[in-house]
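One structure is given below, encoded as structure tokens.
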Amino acid sequence: MSLIRYYSPELSTWSPFDRLASLRDEFNRLFESGAESSAREHGLLAAWAPALDLYQDRDHVFVKVELPGLKKEDIEITVHDGALSVSGERKEEQENKEGDSFRSERVFGRFHRSVALPAAVDAGKVTASYKDGILTVTLPKAEEAKPKQIEISAS
Amino acid sequence: MDTTLTKNEVKDNGLRRVSFVTPQAAIHETKEGYVLQAEMPGVNKAGLEVTVTNNELTIVGRRSDPEVKAETVYRESRPRDFRRVFELDPAIDSAKIEARMDQGILTLTLPKAERVKPRKIAITD
């Protein structure tokens, strides 16, 4: 599971933890030992953190997650305490388990991503779609979170 | 079957450099041949190009997911198309390669030519 805190885009547009994780993966690939690659094959070391994007406009927060190869039924989305969580499981097809694997860079198993939302949302009106391996969650902002122009009354 | 990957950049017609994302792939050998899978989120059937030239298999996936028209708060995905080149086992019958695209996963079936498959010879009396 990787938990991403919200950083102001001016300060940082990426999470150092994710970069470290991918750096670690790179090193693992360089110094791949037999035991480790077999452990990864069996899902012991496989940590899958799918790429997540966060956008907002005046009325909505949008979250896009790259989740190729899942079934709609295997994705779970929850909004709780100002954070959105996406979790699920990618199952390896049985047919691919037979025979020799020449090269396997794909990761299977469970994943969990959470992101703090930049504004309060109306949890009852959240919608989600899954197309071409991309999950898009649309979260309408709560009325009190929308910017409001205040008129100055003439005295 | 091997994969060769040099710098993932191609010059377009105007000789600008176009860079791509290398999709993660998995290759399995079956009795009939090979199965190659590549992860290309945002790519559908229309954006897919699979070409074979001189024992080289090139996969190009062009993303069709619309950019979100809003302020970016945080971004991890890379808005680039996918490209990867694989060297083919000469035993593969390139005329019989089949491609399928499902929820961002490309599955290529690469059957071996009949002549290289092990064949059981029946003994006649």
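The values are calculated or read from the model by the stated rules, or taken from the named source; none is laboratory data. All values derive from a computational prediction rather than experimental measurement. A quick note on method: Cβ atoms are made from the backbone with ideal geometry, for glycine too, and the neighbour counts reach across all protein chains shown. Protein only, heavy atoms only, side chains kept; ligands, DNA and RNA dropped before computing areas. Shrake-Rupley method; radii C 1.70, N 1.55, O 1.52, S 1.80 Å.
Under 5 Å between amide hydrogens, built in the peptide plane, is the criterion, and for A:His112 it picks out A:Ser2 among residues at least 5 positions away or on other chains. Between A:Ala120 and B:Thr22, the modelled label-to-label distance comes to 4.8 nm, taking each label 7 Å out from Cα in the direction of the beta carbon. Most tightly packed first, judged by the mean number of other beta-carbon atoms within 10 Å of their residues, the peptides B:78-86, B:103-111 read B:103-111, B:78-86. Across peptide B:34-41, the average count of Cβ atoms from other chains found within 10 Å of a residue's Cβ is 6. Other protein chain C-beta atoms within 10 Å of residue C-beta, averaged over A:55-63: 4. Over the Cα atoms of chain B, the radius of gyration divided by the Kirkwood radius equals 1.10; this is the Rg/Rh ratio.
Can you put B:Arg17, A:Arg113 in order of accessible area, largest first, using a 1.4 Å probe? All intermediate terms of the calculation are to be shown ahead of the outcome.
Details: B:Arg17 160, A:Arg113 0 Å².
From most exposed to least exposed: B:Arg17, A:Arg113.
The dipole here belongs to the range B:2-116: it is taken about the Cα centre, uses +1 on the Cβ of Lys and Arg and -1 on the Cβ of Asp and Glu, and is about 380 debye.
Relative contact order of the range B:64-125: what whole-number percent is it, with Cα pairs under 8 angstrom and at least 6 residues apart?
On the way: 30 pairs, mean separation 14.2, N = 62.
Rounded, it is 23 percent for the range B:64-125.
Per residue of peptide B:99-111, the mean number of Cβ atoms on other chains within 10 Å of the residue Cβ is 3.
Provide the net charge surrounding A:Lys148, with neighbours chosen by a C-beta distance below 13 Å and charges set as Lys +1, Arg +1, Asp -1, Glu -1.
Details: positive: A:Arg58, A:Lys141, A:Lys146; negative: A:Asp59, A:Glu143, A:Glu144, A:Glu151.
Neighbourhood net charge equals -1.
Of the residues B:His28, A:His112, the one with the largest accessible area comes first in the ranking A:His112, B:His28, computed with a 1.4 Å probe on protein heavy atoms. Each Cα pair under 8 Å and six or more residues apart adds its separation to the average, and for the range B:38-89 the resulting relative contact order is 39 percent. Only protein heavy atoms count here, probed at 1.4 Å, and on that basis chains B and A bury about 3400 Å² of accessible area in total. Near A:Ile134, the amide H atoms lying under 5 Å from its own belong to A:Leu67, B:Gly42; only residues 5 or more places off or on other chains count, and H is placed 1.01 Å from N.
When B:Thr58, B:Thr124, B:Thr51 are compared by accessible surface with a 1.4 Å probe, the order from highest to lowest is B:Thr124, B:Thr51, B:Thr58.
Using a/c under 1.5 as the rounded threshold, could you call the range B:42-90 rounded, prolate or oblate? The axes a ≥ b ≥ c are square roots of the C-alpha gyration tensor eigenvalues, and prolate needs a/b larger than b/c, oblate otherwise. Taking the square roots of the gyration eigenvalues as a ≥ b ≥ c, the range B:42-90 is prolate.
Spin-label pair A:Ala145-A:Lys131: with each label point 7 Å from Cα along the Cα-Cβ axis, the two points sit 2.4 nm from one another. 3J(HN,Hα) along the range B:35-45: 10, 10, 10, 9, 8, 9, x, x, 9, 10, 3 Hz, from the Karplus curve 6.51 cos²θ - 1.76 cosθ + 1.60 with θ = phi - 60°, whole Hz, x for Gly and Pro. Rolling a 1.4 Å probe over the protein heavy atoms leaves A:Lys146 with an accessible area of roughly 40 Å².
Counting only C-alpha contacts under 8 Å and six or more residues apart, can you give the relative contact order of the range A:114-155 as a whole percent? Write out the running numbers ahead of the final one.
Values: 35 pairs, mean separation 15.6, N = 42.
Averaging sequence separation for qualifying contacts and normalising by length gives 37 percent for the range A:114-155.
Taking amide H positions as modeled 1.01 Å from N, with prolines and chain starts lacking one, no residue 5 or more places away or on another chain lies under 5 Å from A:Lys146.
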